[in-house]
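Have a look at the structure below, then the notes.
Only the coordinates and a few stated rules stand behind these numbers; no lab work does. Values in this document were obtained by computation on a predicted structure and should not be read as measured data. FYI the Cβ positions are ideal-geometry reconstructions off the backbone, even for glycines, and counts take in every protein chain you see.
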Amino acid sequence: MWWQDVLWGFWNGITAWPVLLVHIFGAWDGFPLYNVDRASNWYDLGFLVGASGPFLGPGARTRRSRGR
């Protein structure tokens with residue numbers, strides 16, 4: 001089902017940043033960063049939304065302009 005691919009992609013996107021950091025230091029070889037077996041347009045959409053969360057989501061800092 002398409003929504004399962006979106007949810008798996010979203011989850012893998014959220015966990016991609018910590019897994020990437022751990023992979024840099026040579027651990028967790030059994031946990032891939034991207035699930036090639038689920039690769040589809042819906043999975044890719046969920047992955048991109050999940051992975052962009054720290055940059056575009058509620059945790060991202062907003063730039064506020066001051067009134068003159």
remark   = Residue span Phe55 to Tyr34: 0.36 nm per residue of separation minus Cα-Cα distance leaves a gain in nm of 5.7 nm
query = Between rounded, prolate and oblate, where does region 2-55 land on the alpha carbon gyration tensor, with a ≥ b ≥ c its root eigenvalues, rounded for a/c under 1.5, else prolate if a/b exceeds b/c?
reply = oblate
request  = Place the peptides 12-21, 30-39, 43-52 in order of packing, highest mean first, counting for every residue the other Cβ atoms within 10 Å and averaging per peptide.
outcome  = 43-52, 12-21, 30-39
